[in-house]
Amino acid sequence: MTLSLISLLSQDISGLWLLLKTSTDEIMHQDITPLCAADIQDQLKKRFAYLSGGRGQDGSPVITFPDYPAFSDVPDKEFQNVMTYLTSIPSLQDAGIGFILVIDRRQDKWTSVKASVLRIAASFPANLQLVLVLRPTGFLQRTLSDLAFKFNRDDFKMKVPVIMLSSVPELHGYIDKSQLTEDLGGTLDYCHTRWLCHRTAIEGFALMVKQTAQMLQSFGTELAETELPNDVQSTSSVLCAHTEKKVKAKEDMRLALDEGQSILESIREPLAKSPEQSLNQDQLDNQTTVQRLLAQLNETEAAFDEFWAKHQQKLEQCLQLRHFEQDFREVKASLDALAQKIATFTDVGNSLAHAEHLLKDLTSFEEKSSAAVERARALSLEGEQLIDNKHYAVDSIRPKCHELQHLCDQFTAEVGQRRGLLNKSLELHSLLEASMKWCDEGIYLLASQPVDKCQSQDGAEAALQEIEKFLETGAENKIQELNKIYQDYEPILTQDLLEHVQKVFQKQESMEEMFHRRQASLKKLAAKQTRPVQPVAPRPEALTKSPCPSPGVWRGSENSSSEGSALRRGPYRRAKSEMSEGRQGRSSSTGEEEESLAILRRHVMNELLDTERVYVEELLCVLEGYAAEMDNPLMTHLLTAGLQNKKDVLFGNMEEIYHFHNRIFLRELENYIDCPELVGRCFLERMEEFQIYEKYCQNKPRSESLWRQCSDCPFFQECQKKLDHKLSLDSYLLKPVQRITKYQLLLKEMLKYSKNCEGAEDLQEALSSILGILKAVNDSMHLIAITGYDGNLSDLGKLLMQGSFSVWTDHKKGHTKVKDLARFKPMQRHLFLHEKAVLFCKKREENGEGYEKAPSYSYKQSLNMTAVGITENVKGDAKKFEIWYNAREEVYIIQAPTPEIKAAWVNEIRKVLTSQLQACREASQHRALEQSQSLPLPASSNTSPSKGNTRNIKKLEERKTDPLSLEGYVSSTTLPKPPEKGKASPTSPDKKAKRHEVKSDPTPFGLRGWSKTSHPLEAPEDNDGWSSAEEPINSSDAEEEGGVGPRKLAPGKYTIVVDDEKGGPNTLAVRSGDMVEVVQEGDEGLWYVRNLTSSKEGWVPASSLSMLLSKSSSAQCLSSSVW
């Protein structure tokens, strides 16, 4: 049928093409005058000869030669052209009769008449019938012409007779007046200009018609020879090009028709003005010519329109076929991809949540694929419609329609089969979950029954009823027959699922066995007669020294009684029970508690695994649904300019995180499903890989900024629509940040239930490591916000702490205005404590939302830790401490937000300085050893003393102190008298605080590490003050005595750094962190100390007090202040 349709269509187009070719050939073969009026227009305008349109009695055309004085001056070529053109205008029939020439020489001379007649007779190109000459009217010239004509008759011998006429009336005897113009006494209406205009227009129109016919024939040949393209683009291009040419051809034909109608109306204009007038023969001939050309043009246009309609139908059907074929390829590829995707849905789930998730994924997949299936069915219907419309390619369209229907039906059936299996899996896992929940509830029930209450008959009966009532609920919750489970769920029972079913069934049987044993025990207790037992009160000493142990302390024996093996609560003391039964109950309860903790650990592990799987799937969804689509050429047009080549900025290293979790971490976590208490090892083994989150979090501000700029991009909306996400992309970009913080919560929960297990230490270490990573991530987020620092921050060592503080400054040296400026309000500075330096920055809040609102830090100052010292306590504020530089040349009073933050910073700085001191101590020992062996000291810039250092060393030698001693020193001022209760010390802190301040150079021997001098803080800016309302705390006396001396206690206030709770009735007990005031030194090496924290007072041995306070000074690196 298709071949017949194509053959019929080809025959129709071929026939129409022949018809069009015939019409155009007829026009093109018409003879067009070789000489046109436009070519000799200037020569015709001279009017030395014209064709008036008049006719002789036999219809001969009349050519008039009017009186033209310069006739003899007309060149022969021009004369010949005019004669040739005029004789070509009449029809062949009229021209065959012969022309009548009327030569008007009434105003001329005889010599001119003779020359004119001879010239016309010699060069006239057509047949002549008669020559009429109006001879000169003057008497002399008339007489002369008569005589000359008689005597020279032989000179005028021509093929036609030449008649000399003396007057116009004689002319009327040969030609009717109606065929003569007015200048010859006739009535013929003739205008030479109008005649010339008509002739030019008619000839131009004829040429236009011929050119149009040539164009149509050429276009028709192109259409007839066009081969049908094989793709949509080429077919559309051919159809578009042919349509444009067809419109152009139609426009040319319309212009030609309009031109012909205009010429026709111009020829008929005399009739329109006066109906009584009639057209002369030449005008009638012109009218006939134009009408004939118009008729031919109309016929050609009709033939072309019919041919074009068939050709257009052929191209449009070809385009429809190419569209259908292209859509078929795309739809088939989509269906094949869906078939491959549905083939991957082989997992039936390993838990109820997993099965629900898989079923949800299948439903989501089916919803997403519904568009492709609907498109395939719509395309099949479209093909059927083409067949009904008698498309020429029926044999090609019908098989494709059948294939599309088959693929759709096959995909729908496969989805239905997968849904059926997942519903089966969901049903089975629901049953297993219900059974496990029932077992857990049973274990909790056994654990919640107090052992002491069950010893009585009433208690045993109540517990027995409770157990029997619970067992009745098992009919709808527990697995009834294992073989029936195997039979009903055979299609989905994988090896893992089969093992899971068996484990659940075994657990169910074990729990039921426990219940049966408890039932038997309770029945015995309910049936026996309880003998009276004499209650015995416990010894008071035992109660005081041996309090009741907390749950989990006791360990049950291996041969514990069966009735107590499931209890999870701690032992219960029974006043009226036998000692053996009490011990037995306590031993069995420990095993029950372990069982309960194991259940809780399993719950935490399940949550860890389930959330990990969801996390991995969400990452994959983002990478495939968003990141991969940014490289999809079909989606490129939706990307804005700001998103071009910004995938790495937007997604960071999310792909690296996904591969780590999907390929490594998730699989390793699944290995600990049966021993969740050991999962800490999994975290510890992969702790280095978790560093990738630091890179992701550091990129998060850039990602957030880019998202806020381009969140309205149609690309994101289209991707979110395809993924069917309710939340936008930014919510999923936050998932890695949320996940890394979630781990520490899960580890805390697991550690809570695993304190006495084998892996408790690993869990604690893993928790600490995760928290360390979170701190490092948080610190790095602040570090990358520092601006204006010229060096490399990594050279400063590890970032230990960072935070915001109020800072006052006081410089010993420099302009006096610096000290004056120190009385303004404090500067707000953000401090970064590194291993080698502490940085002072100014925090600048940014406008915006989210990460765009994150602050930036302008670098202001840095202090080398090798030249830094600290004063832990500052008068008047427990939140303040001092950082001083270069032996207090620069002093920075730091106020923390809380005392806890201050203590943390002081401890961390103390650790840094102590580690530096230890390093110097080891270097000094090594140097001393080398000197003892007479070896040269190693050259080191960090250990070479300067001039100032030499002075400090001399002071040390004079004081005979050990330069490597880790003990600090205080001033030697003492109180002579013991204090009276309620009275202040003679040297009270209020009056002599500066005398009792302890200062020490943080660097051993006064060594300085960096040669670079730190830049002082700049002048106040942005209302940042420089001063404090208090006087500077440093004392010139203290600074002069700042050398290192033997450790000697002095009255003042100190902070305890070591616990000492062994104080007797006459000694004071103190704890680490207590603030104490050393009041007076007594006899026998005792010091009277007042504990300001507990408001207690007492005597403390000097040796103990020195040890308790020594670490607070931390040798020469640190300073402690007394008030």
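Of the cross-linked pairs Lys114/Lys177; Lys77/Lys109; Lys45/Lys77; Lys360/Lys722, which ones have a Cα-Cα span greater than 20 Å in the structure shown? Pairs exceeding 20 Å: Lys114/Lys177; Lys77/Lys109.
3J(HN,Hα) couplings calculated from phi for the range 313-327 with the Karplus curve 6.51 cos²θ - 1.76 cosθ + 1.60 (θ = phi - 60°) are, in sequence order, 4, 5, 5, 5, 5, 5, 5, 4, 5, 5, 4, 4, 5, 5, 4 Hz; Gly and Pro show x. Annotation: amide H-H contacts under 5 Å for Trp1087 (H modelled 1.01 Å from N, sequence separation of 5 or more, or interchain): Gly1082, Val1100, Ala1102. With θ taken as phi - 60° and the Karplus curve 6.51 cos²θ - 1.76 cosθ + 1.60 applied, the whole-hertz 3J(HN,Hα) list for the range 249-264 is 5, 5, 5, 5, 5, 5, 4, 5, 5, 5, 5, x, 5, 5, 5, 4 Hz, x standing for glycine and proline.
Over the C-alpha atoms of the range 196-338, the Rg to Rh ratio, Rh being the Kirkwood estimate, stands at 1.28.
Holding the Cα-Cα limit at 25 Å, pick out from Lys341/Lys484; Lys752/Lys798; Lys507/Lys735; Lys437/Lys469 the pairs that are longer than that. Violating the 25 Å Cα-Cα cut-off are Lys341/Lys484; Lys752/Lys798; Lys507/Lys735.
Given a Förster distance of 22 angstrom, what is the FRET efficiency for Leu620 paired with Cys675, based on the Cβ-Cβ distance and rounded to 0.05?
Details: r = 28 Å, r/R0 = 1.28.
Efficiency, from the Cβ-Cβ distance: 0.20.
What the pair-distance distribution of the range 273-333 shows, using all Cα-Cα distances binned every 5 Å from zero, is 4, 14, 9, 10, 9, 8, 8, 7, 6, 6, 5, 4, 3, 3, 2, 1, 0 percent. The Rg/Rh ratio of the range 716-776, with both radii computed over alpha carbons and Rh defined as the Kirkwood radius, is 1.25.
For Ile786, nonlocal amide neighbours, meaning residues 5 or more places apart or on other chains whose placed amide H falls under 5 Å from its own, are Tyr857.
With a 1.4 Å probe rolled over the protein heavy atoms of all chains, the accessible area of Asp440, Asp336, Asp631, Asp347 falls in the order Asp631, Asp347, Asp336, Asp440, largest first.
Taking the Cβ of Asp496 as the center, what net charge do the other residues with Cβ under 13 Å away carry, scoring Lys and Arg +1 and Asp and Glu -1? For residues surrounding Asp496, the net value is -3. Dimensions of the range 325-394 based on its C-alpha atoms, expressed as ranges along the principal axes with the largest first, amount to 57, 16, 13 Å.
Report the Rg/Rh value for the range 596-780, based on alpha-carbon coordinates and the Kirkwood definition of Rh.
Details: Rg = 18.5 Å, Rh = 17.7 Å.
Taking Rh as the inverse mean 1/r over Cα pairs, Rg/Rh reads 1.04.
Could you tell me how far the Cα centroid of the range 772-797 sits from the Cα centroid of the range 628-662, in Å? Using only Cα atoms, the two centres lie 27 Å from each other.
With bins 5 Å wide beginning at 0, the percent of Cα pairs of the range 304-429 falling in each bin runs 2, 10, 18, 15, 12, 10, 9, 7, 6, 4, 3, 2, 1, 1, 0, 0. Between Leu165 and Val133, Leu134, Arg135, the built amide H atoms are under 5 Å apart, and every one of these is 5 or more places off in sequence or on another chain. For the range 789-801, backbone phi angles converted through the Karplus equation (6.51, -1.76, 1.60; θ = phi - 60°) give residue-by-residue couplings of 8, 6, x, 9, 4, 5, 6, 7, x, 5, 6, 8, 8 Hz, Gly and Pro being listed as x.
Distance cut-off 22 Å, Cα to Cα: go down the list Lys775/Lys843; Lys250/Lys310; Lys860/Lys911 and report the pairs above it. The partial results should precede the final answer.
Values: Lys775/Lys843 20 Å; Lys250/Lys310 16 Å; Lys860/Lys911 25 Å.
As for pairs spanning more than 22 Å Cα to Cα, those are Lys860/Lys911.
The values are calculated or read from the model by the stated rules, or taken from the named source; none is laboratory data. Model, not experiment: these values are computed from the prediction. Cβ atoms come from the backbone with ideal geometry, glycine included; neighbour counts cover every protein chain shown. Remember, those area values only see protein heavy atoms, side chains included, never the ligands or the DNA or RNA. Shrake-Rupley method; radii C 1.70, N 1.55, O 1.52, S 1.80 Å.
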